[in-house]
1. When only DSSP loop residues count, what GluC sites (Glu not before Pro) in segment 43-132 have their Cβ near at most 10 other Cβ atoms within 10 Å?
2. Can you work out the FRET efficiency for the pair R161 and A98, with r the C-beta to C-beta distance and R0 = 41 Å, to the nearest 0.05?
3. Exposure proxy check: S115, S122, S131 ranked by fewest other beta carbons within 10 Å?
4. Run the paramagnetic zone check for L184: 7 angstrom along Cα to Cβ, then residues of segment 66-82 with backbone nitrogen under 18 Å.
5. Are there trypsin sites (Lys or Arg not before Pro) in segment 79-184 that DSSP marks as loop and that have at most 12 other Cβ atoms within 10 Å, and which are they?
6. What residues qualify as long-range amide H neighbours of Y89, i.e. H under 5 Å apart, gap of 5 or more or another chain, H built at 1.01 Å from N?
Amino acid sequence: MKPVVRIEPSAAPRRPERDGICGGDHLVAGILRNSGGGVPRPKMRRVLITGMSGTGKSSALSQLTARGFDVVDTDDPGWTEWSDEDGGYLWVEDRMAALLDKPVSTGLFVSGATSNQVKFYSRFDAIVLLSAPVDVLAERIRTRTTNRYGKSAAEMEQIRRHVKDVEPLLRRACTHEIDAREPLAIVVNRLAELAGP
């Protein structure tokens, strides 16, 4: 299992905690096979940003783009496709594989939260979970104008279930966790540090 660095508001640096696995019970074996043994890589270049709706993934990507990093928001058209079998959207695997096969001259940030992202964990140098309490997410979703997801009562209930059931799985697989209550500039600074020099 690999160490997890939790980055919380105004917290002093903490010793990394030991954690493990993510992606849903049916994906646990795949994560174990692809975990890379927790051996740290010398430079972090490819970073997956994951988390629940309302944590600020898209806002962070916008700021990272402005700083010159390459970014992919898998909520954008062409990166996901509906799966009746899985009952949700999945990454288009050949497109994601092609993206991760390309050399990276600046940091590459990929944002998303799908059940098949676990297949690509070993291809990322860092997996970052953005997290915040569900009441913070609900308020952000209620007031945001860039994304309609979560506006209905049924969608908000689904988000609440995901925070309860899915976020702990993401937390067990992440290499870093950033408290998304922090100001966006601080979140983006911490993400940019992970991309390496």
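1. E85
2. On the way: r = 33 Å, r/R0 = 0.80.
Taking R0 as 41 Å, the efficiency between R161 and A98 is 0.80.
3. S122, S115, S131
4. Label zone hits: 66-76.
5. R148, K151
6. Amide H neighbours of Y89: S83.
Every number in this text was worked out from the coordinates using simple rules, so none of it is lab data. As the structure is a prediction and not an experimental result, all values here were calculated from the model. Backbone-built Cβ (ideal geometry, glycine too); neighbour counts: all protein chains shown.
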